[in-house]
1. Tell me which residues, restricted to the stretch 296-317, are outside any strand (DSSP E or B), within 13 Å of the ligand (Cβ to nearest atom) and not charged (D, E, K, R).
2. Can you pull out every residue in the stretch 95-110 that is open to solvent by 30 Å² or more (accessible area, probe 1.4 Å) and assigned to a loop (DSSP other than H, G, I, E, B)?
3. With the requirement that a residue be in a strand (DSSP E or B) and away from the ligand (no atom under 16 Å from the Cβ), what does the stretch 72-94 give you?
4. Can you list the strands (runs of 3 or more DSSP E) lying wholly within the stretch 116-230 that have 1 or more residues being of a type in the set (A, V, I, L, M, F, W, C) and closer than 18 Å to LEU270 by Cβ?
5. Exactly one condition in (1) in the same structural domain as LEU146 (by TED's automatic domain parsing); (2) free of Cβ contacts under 8 Å to residues at least 40 places away in the same chain; (3) under 24 Å from THR54 (Cα atoms) is false for HIS256; which is it?
6. Can you tell me which residues in the stretch 265-307 are of a type in the set (Phe, Trp, Tyr) and surrounded by fewer than 16 Cβ atoms within 10 Å (Cβ to Cβ)?
7. Would you mention how many residues in the stretch 318-332 are under 24 Å from GLN126 (Cβ atoms) and near the ligand (Cβ under 10 Å from one of its atoms)?
8. Which condition from (1) in contact with a strand residue (DSSP E or B) (Cβ under 8 Å, 6 or more places away or on another chain); (2) more than 16 Å from the ligand (Cβ to nearest atom); (3) not acidic (Asp, Glu) is the one that THR132 breaks?
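The values are calculated or read from the model by the stated rules, or taken from the named source; none is laboratory data. These figures come from a predicted structure and were not determined experimentally. Using ideal geometry, Cβ is built from the backbone for each residue, glycine included, and neighbour counts are taken over all protein chains shown. What goes into the accessible areas is simple: the full protein's heavy atoms, side chains included, and nothing from ligands, DNA or RNA. Shrake-Rupley method; radii C 1.70, N 1.55, O 1.52, S 1.80 Å.
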Amino acid sequence: MADASFAALMIREEATGPDRVRVVSLGPADLMEGEVEVEVAWSSLNYKDALAVTGGGRILRHSPLVGGIDAAGRVVASASAEFPVGAEVIVTGCGLGEFHHGGFAGRIRVPADWVVPMPEGMDAEQAMLLGTAGFTAAMAVSRFELNRQDPSAGPILVTGASGGVGCLTVNILASRGFEVVALSGKPALSDWLKSLGAAEVLDRAAMPLGKRPLESARWAGAVDLVGGELLSSLVRSIRPWGNVVSIGLAGGADLHTTVMPFILRGVSILGLSSARCPRDWRLALWERLASDLRPPKLSEVHTGTVGLNELMDVSLRMLAGRTHGRILVRPC
Ligand SMILES: NC(=O)c1ccc[n+]([C@@H]2O[C@H](COP(=O)([O-])OP(=O)(O)OC[C@H]3O[C@@H](n4cnc5c(N)ncnc54)[C@H](OP(=O)(O)O)[C@@H]3O)[C@@H](O)[C@H]2O)c1
């Protein structure tokens with residue numbers, strides 16, 4: 001078992017054309033350093049993966065590299081007493097698929113302190129339906145809690161709502177008693193977003209983007225996956241003491257603001273880096289994703305399952321805004 005070959009999606013950052021991304025056969029000797037070797041049952045596709053696979057953004061800090069920032073499966077070799085052979089585990093972020101061979105492979109080998117024990121009541125498929133997207137959604141809720149965002153303060157706007165992070169954030173926040181308004185570029189998905197808990201769905205194309213230092217205070221808080229002009233406008237429209245969790249840049253990396261929302265309304269922008277989450281917080285959030293932060297409609301966010309050979313095509317569709325929900329990756 002320990003010497004079996006396996007398929008992997010190898011990315012050569014510097015290459016062009018069909019040589020850039022290939023499915024190759026590797027053996028355990030090809031894997032990088034680490035105490036825990038895992039047979040990967042499931043991985044998943046995140047925006048960062050789509051950027052890495054297509055070369056649409058500089059994600060890889062090592063080349064060639066096996067892509068995939070998420071993996072879940074069973075330990076097959078271990079030098080860690082904490083994770084014996086046979087243990088079910090999750091690895092997300094930490095550098096997987098960025099500078100360390102990632103989860104788009106039948107096997108990974110990683111440092112033990114990247115590994116999370118599978119929470120009771122969760123399996124590898126559910127863990128990867130969540131993946132970095134679900135973990136990020138849970139972290140956003142935790143950021144809200146730590147900065148006193150209370151459901152009674154009013155509606156929360158979730159931007160990029162049909163995407164992986166967005167739809168899971170809608171579902172978790174709604175299950176926690178927040179009134180959630182979903183902003184989406186895909187109004188045709190309104191019924192689906194409402195089934196996940198959105199009280200209302202707004203069309204991104206019709207969203208007014210105010211430019212004054214302060215606009216009327218419409219939202220009690222926001223979770224933003226889009227960035228750019230939309231985030232700049234949102235910060236001006238948050239009620240006193242509200243929070244905006246800034247997560248993504250699907251619409252741009254710029255942020256233009258004055259200090260007015262901060263000094264006159266006490267508004268906070270809360271940053272979030274899921275890949276760099278401290279280990280104790282990471283372990284606690286995964287436990288919560290199996291309990292009080294478990295998205296009640298998790299199976300309804302599953303919109304597709306692909307193999308390694310289909311990853312280029314689905315990544316291009318994701319970057320073009322033509323996917324929604326969560327896409328599982330079967331690496332073998
Ligand atoms: N900070 C972190 O740790 C962290 C972790 C995970 C993800 N992220 C970031 O969060 C964002 C979402 O990630 P994801 O995995 O959920 O990706 P995703 O599934 O592709 O979702 C992105 C969503 O953003 C919206 N969108 C796409 N292109 C857009 C554009 N040009 N302008 C405005 N909105 C656009 C779309 O939603 P609608 O059509 O519904 O509007 C799309 O479904 C990405 O920027 C990703 O890099 C950051």
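1. VAL301, VAL314, SER315, LEU316
2. PHE99
3. Within the stretch 72-94, ALA72, GLY73, ARG74, VAL75, VAL76, ALA77, SER78, GLU88, VAL89 meet the criteria.
4. 156-158, 180-184, 219-224
5. With (1) in the same structural domain as LEU146 (by TED's automatic domain parsing); (2) free of Cβ contacts under 8 Å to residues at least 40 places away in the same chain; (3) under 24 Å from THR54 (Cα atoms) applied to HIS256, the lone miss is (3).
6. TRP281
7. So the count comes out to 6.
8. (2)
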